[in-house]
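Structure first, then comments.
The values are calculated or read from the model by the stated rules, or taken from the named source; none is laboratory data. As the structure is a prediction and not an experimental result, all values here were calculated from the model. Here Cβ is always computed from backbone atoms with ideal geometry, including for glycine, and neighbour counts include all displayed protein chains.
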């Protein structure tokens, strides 16, 4: 009892001298309002169109997409001075990559490959289905890019599906805006590829 009383008195004196605020336990519910949620990869969708077809075709998804990637990099030149090196940033370079399972009769992949052969400009839209736009039906926050297909790779092994990898070199940095994604395209984004074999025992 004596030790507890002394300990309490010491704490009170320290609090008075150093102005230590009293600690009050707070429940986790106080932080719930600011809780963050992770964005699922399938919620970021990409639409593509050969630019010369803008009058006749809408942006199109690549069927059975398994992975998308957008990278931005910037080199910097270094100049030596008497006071140390100075870094001068260069121009940012943007690349967009897509990997998908090739679907039978997929004419769009052929169209993109032909665009690559002809050096045709390609439009690309990136949309986040978790962030609806403030106005407009089926509109979502996203980005718009223009560039060229710089690499196409088809991988076909004996036991797996044919995999197609595409890499696009982007002109400039792109532009932010609202992207229209049709209901059908939104459903495709939520679609999970399944094999033909039965799942039951």
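Of the conditions (1) touching a strand residue (DSSP E or B) at 6+ places or on another chain (Cβ under 8 Å); (2) within 26 Å of residue 157 (Cα to Cα), residue 86 clears all except one; give me its number.
Against the list (1) touching a strand residue (DSSP E or B) at 6+ places or on another chain (Cβ under 8 Å); (2) within 26 Å of residue 157 (Cα to Cα), residue 86 comes up short only on (2).
If you check residue 179 against the conditions, is it in a strand (DSSP E or B), at pLDDT 90 or above and touching a helix residue (DSSP H, G or I) at 6+ places or on another chain (Cβ under 8 Å)?
Values: in a strand (DSSP E or B): yes; at pLDDT 90 or above: yes; touching a helix residue (DSSP H, G or I) at 6+ places or on another chain (Cβ under 8 Å): no.
Judged against the criteria, residue 179 is not a match.
Going through the stretch 123-140 one residue at a time, which ones are without any contact (Cβ under 8 Å) to a residue 40 or more places away in the chain and in a strand (DSSP E or B)?
Answer for the stretch 123-140, where residues must be without any contact (Cβ under 8 Å) to a residue 40 or more places away in the chain and in a strand (DSSP E or B): 131, 132.
Is at least one residue of the stretch 156-170 out of contact with any strand residue (DSSP E or B) (no Cβ under 9 Å at 6 or more places or on another chain) and surrounded by 13 or more Cβ atoms within 10 Å (Cβ to Cβ)?
Looking for residues that are out of contact with any strand residue (DSSP E or B) (no Cβ under 9 Å at 6 or more places or on another chain) and surrounded by 13 or more Cβ atoms within 10 Å (Cβ to Cβ), one finds none in the stretch 156-170, hence no.
For the stretch 47-63, which positions are assigned to a loop (DSSP other than H, G, I, E, B), under 25 Å from the mean Cα position of the chain (by Cα) and either without any contact (Cβ under 8 Å) to a residue 12 or more places away in the chain or under 16 Å from residue 186 (Cβ atoms) (or both)? I'd like the intermediate steps shown before the answer.
First pass over the stretch 47-63, keeping only residues assigned to a loop (DSSP other than H, G, I, E, B): 54-59, 61-63.
Within this subset, residues satisfying the condition of being under 25 Å from the mean Cα position of the chain (by Cα) are 54, 57-59, 61-63.
Within the stretch 47-63, 57, 58, 59, 61, 62, 63 meet the criteria.
Say we look at the stretch 64-83 and pick out the residues that are at pLDDT below 90 and not in a strand (DSSP E or B); which of these is farthest from the chain's Cα centre (by Cα)?
From the stretch 64-83, those at pLDDT below 90 are 74-83; that's our starting set.
Add one more test, that the residue is not in a strand (DSSP E or B), and what stays is 74-75, 82-83.
Details: 74: 19, 75: 22, 82: 42, 83: 40 Å.
Filtering the stretch 64-83 for residues that are at pLDDT below 90 and not in a strand (DSSP E or B), the one farthest from the chain's Cα centre (by Cα) comes out as 82.
Tell me whether the stretch 159-172 contains one or more residues that are under 26 Å from residue 114 (Cβ atoms), without any contact (Cβ under 8 Å) to a residue 60 or more places away in the chain, in a strand (DSSP E or B) and out of contact with any helix residue (DSSP H, G or I) (no Cβ under 8 Å at 6 or more places or on another chain).
No, there is no match, as no residue in the stretch 159-172 is under 26 Å from residue 114 (Cβ atoms), without any contact (Cβ under 8 Å) to a residue 60 or more places away in the chain, in a strand (DSSP E or B) and out of contact with any helix residue (DSSP H, G or I) (no Cβ under 8 Å at 6 or more places or on another chain).
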